[in-house]
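The values are calculated or read from the model by the stated rules, or taken from the named source; none is laboratory data. Worth saying up front: this structure is predicted, and the values here are computed from it rather than measured. Cβ atoms come from the backbone with ideal geometry, glycine included; neighbour counts cover every protein chain shown.
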């Protein structure tokens, strides 16, 4: 899981996918306290509260948004994981150790990532009535 999360090193996200971390995190904190304050301020400039613009997007890995590298893991270590799921990787000792390992050893991560992608490609695809194409990937139809 930690290895495949590294795919967040490329791509962009719509503001609506993480804006709760900036403006409506919990009943006791408007902003996610695990989020680096400087990074949060940058995100707030890019994704203003209450915006309904569906075209607003930000890079998932701002330092190197178009390069597959281990910058994503350094972002997490600096509390700059864009999604809650990214930052949560530091919440358990075992996953935090893997984040540190991946950040420190790019070649190791690349090899693990490639192997994980090959393994994932061998998972059987469900077809017909055995599976479904979700309208929203986060919700069962």
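Might you check whether a residue that is surrounded by 10 or more Cβ atoms within 10 Å (Cβ to Cβ), free of Cβ contacts under 8 Å to residues at least 12 places away in the same chain, within 27 Å of residue 19 (Cβ to Cβ) and more than 18 Å from the chain's Cα centre (by Cα) occurs anywhere in region 119-133? Among the residues of region 119-133, not one is surrounded by 10 or more Cβ atoms within 10 Å (Cβ to Cβ), free of Cβ contacts under 8 Å to residues at least 12 places away in the same chain, within 27 Å of residue 19 (Cβ to Cβ) and more than 18 Å from the chain's Cα centre (by Cα), which makes the answer no. Would you call residue 70 surrounded by 14 or more Cβ atoms within 10 Å (Cβ to Cβ) and at pLDDT 95 or above? Against the criterion (surrounded by 14 or more Cβ atoms within 10 Å (Cβ to Cβ) and at pLDDT 95 or above), residue 70 qualifies.
Quick check on residue 95: is it surrounded by 14 or more Cβ atoms within 10 Å (Cβ to Cβ), over 21 Å from residue 18 (Cα atoms) and in contact with a helix residue (DSSP H, G or I) (Cβ under 6 Å, 6 or more places away or on another chain)?
So residue 95 passes the test.
Considering region 32-45, the residues that are touching a helix residue (DSSP H, G or I) at 6+ places or on another chain (Cβ under 7 Å) and part of a helix (DSSP H, G or I) include one that is surrounded by the most Cβ atoms within 10 Å (Cβ to Cβ), namely 43. Whether any residue in region 107-124 is more than 15 Å from residue 68 (Cβ to Cβ), assigned to a helix (DSSP H, G or I) and modelled with pLDDT of 95 or more is what I want to check. Within region 107-124, none of the residues are more than 15 Å from residue 68 (Cβ to Cβ), assigned to a helix (DSSP H, G or I) and modelled with pLDDT of 95 or more. Within the set 55, 66, the sole residue that is free of Cβ contacts under 8 Å to residues at least 24 places away in the same chain, out of contact with any helix residue (DSSP H, G or I) (no Cβ under 8 Å at 6 or more places or on another chain) and assigned to a loop (DSSP other than H, G, I, E, B) turns out to be 55.
Within region 74-97, being out of contact with any strand residue (DSSP E or B) (no Cβ under 8 Å at 6 or more places or on another chain) and not in a helix (DSSP H, G or I) holds for 78, 79, 80, 81, 91, 92. Residue by residue through region 29-51, note down the ones that are in contact with a strand residue (DSSP E or B) (Cβ under 9 Å, 6 or more places away or on another chain) and closer than 13 Å to residue 18 by Cα. Within region 29-51, 43, 46, 47 qualify. Is it the case, given these coordinates, that residue 59 is modelled with pLDDT of 95 or more and touching a strand residue (DSSP E or B) at 6+ places or on another chain (Cβ under 7 Å)? Against the criterion (modelled with pLDDT of 95 or more and touching a strand residue (DSSP E or B) at 6+ places or on another chain (Cβ under 7 Å)), residue 59 qualifies.
Just so you know, in region 1-31 the residues that are in contact (Cβ under 8 Å) with a residue 40 or more places away in the chain and part of a loop (DSSP other than H, G, I, E, B) include one that is surrounded by the fewest Cβ atoms within 10 Å (Cβ to Cβ), and it is 1.
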